[in-house]
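Peer 1: Let me give you the structure first, and then I'll get to my questions.
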Amino acid sequence: MMRAAVMTEPGKIAIVEQEMPKIKDCEVLVKIEHVGLCGSDVHYYTDGRIGDFVVENPIILGHEAAGKVVEVGKDVTSLQKGDLVALEPGITCGKCEFCRTGRYNLCPDVEFLATPPYDGAFVEYIAYPEDMCIKLPEGMDTVEGALIEPLAVGFHAANQGSAAIGKSAAILGSGTIGLTTLMALLAQGIRDVYVTDLVDLRLAKAKEVGAKEVFNAKNCNVVEEIMKATNNEGVDIVIETAGAEITAQQCAELVKRGGTIVLVGMAADPVYRFDFGKLQAKEASITTVFRYRNIYPAAIKAVGEKLIDVKQIVSDVFGLSEVDKAVEHAINHAAETVKIVIDMNK
Ligand SMILES: [Zn+2]
Ligand SMILES: [Zn+2]
């Protein structure tokens, strides 16, 4: 038997004993070591839904996971007992138009960890396909392995924005995804990155990670500040990670002529006022991000080679038996937390 943190209904998480999973020939058994707590986990806990994904049955949350291989299936060739791995959370069909063209994050039949009706990784052990377990290099630990998930979102955002050396960028929202996006941009040679948020702690973290300047939207007009800092030109890439109407609107103001807006944060409600005229007059484009694709190996390499210190975003660590406390902490102490990680051995 093993322990699992099951959300029996929104707002309630219980630790229950479950059968140990059995592996198929193409799978490995992973002892989960660390799992990042994501904003989506918190949303399922508070609201029981994210858009069209609705929690109807008890569900295990957690999709940012890494652990140790403790058993391998008959057909597994690339992994051995003892390997540390990061779990890429979406198991795709491999057959649809999107999978076949490499855009597997758009697969309509994906089974994504902790997205109803699929269970997630707040469990001691999980049976998982070999090809979705990416081995961590020597010297990399499972906290870093778990954080590859949000880092992959940051890399995908940078890619969608055609990040390249010499460009300038603004990141609206300095939560986990804002910070991992900042890390991805810096790793790709972008130095002029401006970050905005409402929480000082998160902005301080952005500064520590390497933002050129940070602005708290509570205390100043961030559009004016960024325009001032860029000679009134705006930035080549504006990345929206807050999922708020006001930040979506700011994108049209901040983008430079010919630049790109990348929408990463998902606004809970439709944004009704957006200045498309302003966008057109600059011939700027809008692109979006849904999860990520083909990025795990590169993101792991970047962390393994110390190009990125992804662990610096971790502000709090809780144990498996405290997942409910961790979620409550994220809700009640938002201004004092950046990233919460669950240590599954505690
Ligand atoms: Zn996540
Ligand atoms: Zn597919």
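Any read-out appearing in this document is the output of simple, stated calculations on the displayed coordinates, not a laboratory observation. The structure displayed is predicted, hence computed values, not measured ones. Virtual Cβ from ideal backbone geometry, glycine too; neighbours counted across all protein chains shown.
Peer 1: Given a cut-off of under 8 Å on Cα pairs at least six residues apart, what relative contact order in percent is computed for segment 137-220? Before the final figure, lay out each step's value.
Peer 2: On the way: 127 pairs, mean separation 21.8, N = 84.
Relative contact order, segment 137-220: 26 percent.
Peer 1: Let me ask something additional. Would you work out the relative contact order for segment 162-280, in percent, from Cα pairs under 8 angstrom that are 6 or more residues apart? Don't skip to the answer; put the middle values down first.
Peer 2: On the way: 227 pairs, mean separation 28.3, N = 119.
Taking the mean separation of contacting Cα pairs over the length of segment 162-280, I get 24 percent.
Peer 1: Then there is this: Give Lys68/Lys339; Lys12/Lys218; Lys135/Lys339 a once-over and call out the pairs whose C-alpha atoms are over 29 Å from each other. Walk me through the numbers before you get to the answer.
Peer 2: Numbers: Lys68/Lys339 22 Å; Lys12/Lys218 33 Å; Lys135/Lys339 23 Å.
Result: Lys12/Lys218 exceed 29 Å.
Peer 1: Identify all aspartates and glutamates with a Cα-Cα distance to Lys24 below 16 Å; exclude those on the same chain that are fewer than 8 residues away in sequence.
Peer 2: Partners within reach: Glu71, Asp75, Glu130, Asp131.
Peer 1: Taking only Cα atoms and a 10 Å spring cutoff, compute GNM fluctuations for the chain and point out the largest among Leu106, Leu263, Leu279.
Peer 2: Of Leu106, Leu263, Leu279, the most mobile in the Gaussian network model is Leu106.
Peer 1: With the dipole of segment 154-288 worked out from charges on the C-beta (+1 for Lys and Arg, -1 for Asp and Glu) around the Cα centre, which of Val209, Gly189, Val222 lies farthest toward the positive end?
Peer 2: Gly189
Peer 1: Given the alpha-carbon gyration tensor of the chain, what are the semi-axes of its equivalent ellipsoid in whole angstrom, ordered largest first, with each equal to the square root of 5 times an eigenvalue?
Peer 2: Value: 34, 21, 19 Å, ordered largest first.
Peer 1: Scan segment 5-111 for trypsin sites (Lys or Arg not before Pro) in coil per DSSP, keeping those whose Cβ has at most 10 other Cβ atoms within 10 Å, and list them by number. Write out the running numbers ahead of the final one.
Peer 2: Working: sites: Lys12, Lys22, Lys24, Lys31, Arg49, Lys68, Lys74, Lys81, Lys95, Arg100, Arg103; in loops: Lys22, Lys24, Lys74, Lys81, Lys95, Arg103.
Loop-located and lightly packed - Lys22, Lys74, Lys95.
Peer 1: Considering only Val69, Tyr125, Gly234, whose Cα is most displaced toward the positive end of the charge dipole of the chain, charges sitting on Cβ of Lys, Arg (+1) and Asp, Glu (-1)?
Peer 2: Result: Gly234.
Peer 1: Here's something else I'd like to know. Do you know the relative contact order of segment 33-170, to the nearest whole percent, from alpha carbon pairs under 8 angstrom that are 6+ apart?
Peer 2: On the way: 205 pairs, mean separation 41.1, N = 138.
With pairs under 8 Å counted, the relative contact order is 30 percent.
Peer 1: Which of Thr176, Thr142, Thr287 moves the most in a Gaussian network model of the chain with Cα springs under 10 Å?
Peer 2: Thr287
Peer 1: I'd like the distance between the alpha-carbon centres of segment 127-171 and segment 1-78, rounded to an integer number of Å.
Peer 2: 20 Å
Peer 1: Tell me the net charge near Val69. Cut-off is 9 Å between Cβ atoms, Val69 excluded, with +1 for each Lys or Arg and -1 for each Asp or Glu. Intermediate results must be reported in sequence, preceding the final value.
Peer 2: Details: positive: Lys31, Lys68, Lys81, Lys135; negative: Glu71, Asp83.
So the surrounding residues net to +2.
Peer 1: In terms of the Cα gyration tensor, with a ≥ b ≥ c the square roots of its eigenvalues, is segment 154-288 rounded because a/c is under 1.5, prolate because a/b exceeds b/c, or oblate? Intermediate results must be reported in sequence, preceding the final value.
Peer 2: Values: a/c = 1.30, a/b = 1.15, b/c = 1.13.
Verdict is rounded for segment 154-288.
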